[in-house]
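Notes to accompany the following structure.
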Amino acid sequence: MPVSRFPFVSRRDFLAGTAAGAAALGVGGSLRPARAAQPLKVGLLLPLSGSLAREGQSCKRGADVTPALMADLGMPVQLMIADTETNLDTARTRAEKLIADGAEVLIGAFESAQTLAVAQVCEQRGVPLVINIAAAPNITEQGFKTVFRNFPTAPRLVTEGLALMKEMFKTSGTTPSKAVFMHNNDTFGTAMAGAVGKLFPTLEMPFPIVETISYDGAARDLAVEVGKAKATGADLLILVAHGEDSIKVIREMVKQRFEPKAVVSPGSPGMYEVQFYKTLGKYADYSLTNLPWINPHTKMSQALLTAFGKAYPDALFEMNVGFTFEAILIAADAARRAGSTNPKALLDVLPTTNIADHVMIGGPIVFDAKGQNTNTRSATIQNFGGRPKVVFPAEAAEARVVFPAPGWQQRG
């Protein structure tokens with residue numbers, strides 16, 4: 001069984017729910033009944049090796065199950081997958097090669113610095129880039145005409161993440177007295193730290209951040225940084241991390257008996273991933289992450305889960321899967337509306353994207369003048385027994401929040 005299970009929806013139900021006219025895909029016009037003469041060639045750039053390989057492989061699993069669902073909707077795609085090796089220069093080189101090999105649209109690249117490098121290539125070559133995941137705000141502040149991002153910026157992640165914290169305090173009846181903020185010093189972590197520093201004072205949070213501690217995610221251990229965090233006396237840890245360093249932080253917290261009321265991420269990966277659960281066991285429970293998440297109650301999400309569960313029964317159905325699926329959906333929808341797979345034709349219609357039926361929590365997928373979807377919405381997920389469950393917002397909730405979290409030694 002997949003790690004997360006929604007009610008079963010057959011492929012027939014999926015088609016009935018998504019192909020019944022323009023309202024189903026929210027495109028504002030009638031669906032073309034005929035399939036395209038040829039599939040759209042989608043170049044997918046992901047960090048399949050290197051320090052972000054775990055996240056890249058998760059995205060790839062989402063991509064692997066998508067073509068069959070797109071074909072059922074009359075929007076055939078052909079994936080051309082390239083490994084960025086978690087390296088900026090490699091990402092740029094692989095983007096050039098994908099375009100040379102015939103890719104008509106690029107998707108990627110998970111990490112912000114690599115994504116910006118790919119965006120520059122796409123702008124030079126006149127090929128659209130649909131960003132699945134990457135949060136650095138400068139990506140859509142460059143004036144690019146070929147870039148379309150279906151993922152929130154770091155400031156939006158922080159704003160919504162902190163607002164969700166206040167909702168959690170109100171619901172639980174418990175408010176921390178002070179927080180310490182720890183973050184990875186990579187491109188994403190630095191962007192998030194900048195957003196926290198700028199936005200926190202404007203959001204009337206009920207506690208101060210008493211110290212900000214950056215760290216190198218590649219460091220062998222984080223004993224010194226966790227020791228500094230504990231020494232602040234903070235009863236809330238706000239953490240921006242990736243997979244490996246989130247594990248290092250929690251291990252060191254257990255070792256040093258640093259027990260705040262909760263560990264909360266305002267919008268980063270790591271604490272909801274399978275390896276986090278497998279490595280930490282009971283210590284992975286009750287961690288909270290505020291980030292965009294799959295809406296478990298839509299037919300499209302349920303159909304995607306069914307396909308995903310059959311292909312990867314032991315893998316986690318989570319954000320990386322959902323956003324990669326949606327990026328391919330956006331590209332395929334553009335080819336369908338354009339009646340062409342030519343990159344210029346795609347660029348003509350991508351700005352008018354309007355997809356109401358999709359898988360992530362939030363409103364219709366639309367892009368502003370900068371190519372940014374502003375209708376994304378974050379949720380709060382909390383770990384229970386080795387899987388993440390939505391606890392906020394109420395309309396998507398699967399469980400009740402537990403806050404404060406039990407101490408390390410009080411966990412069963």
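A compact table of results
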read-out: Between the stretch 174-197 and the stretch 376-412, the Cα center-to-center distance that results, in Å; value: 20
read-out: Sites residue 375 and residue 255 - FRET efficiency at Förster radius 56 Å, r taken between beta-carbons, to 0.05; value: 0.85
read-out: Acute angle (nearest 10 degrees) that the helix 243-256 long axis makes with the longest principal axis of the chain, alpha-carbon atoms; value: 10
read-out: The stretch 160-296 shape via C-alpha gyration tensor axes, a/c threshold 1.5; value: rounded
read-out: Label point distance in nm, residue 163-residue 395, each placed 7 Å from Cα along Cα→Cβ; value: 1.3
read-out: Packing rank of 221-230, 195-204, 52-61, where each peptide gets the mean count of other beta carbons within 10 Å, highest leading; value: 52-61, 221-230, 195-204
read-out: Global form of the chain, assessed from the alpha-carbon gyration tensor, a/c cut-off 1.5; value: prolate
read-out: In order through the stretch 47-57: 3J(HN,Hα) via Karplus (6.51 cos²θ - 1.76 cosθ + 1.60), integer Hz, x for Gly, Pro; value: x, 7, 9, x, 5, 10, 4, 4, 5, x, 5
read-out: Nearby lysines by direct alpha-carbon distance to residue 170 (threshold 18 angstrom, same-chain neighbours under 8 apart not counted); value: 178, 261
read-out: FRET efficiency estimate (nearest 0.05) - Cβ-Cβ, residue 348 to residue 178, R0 41 angstrom; value: 0.20
read-out: Angle in degrees between helix 88-100 and the longest Cα principal axis of the chain, rounded to the nearest 10; value: 10
read-out: Cα-based helix-to-principal-axis angle, 299-311 vs the chain, degrees rounded to 10; value: 80
read-out: Full-stretch length increase - residue 96, residue 203 - with 0.36 nm per residue and alpha-carbon distance subtracted; value: 34.3 nm
read-out: Distance between modelled label sites at residue 220 and residue 68, nm, 7 Å Cα→Cβ extension; value: 4.6
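Where a number appears in this text, it was derived from the coordinates with a stated rule and is not lab data. It should be emphasised that the depicted structure is a prediction, and the values quoted were computed from it without experimental measurement. Note that we place each Cβ from the backbone using ideal geometry, even for glycine, and neighbour counts take in every protein chain shown.
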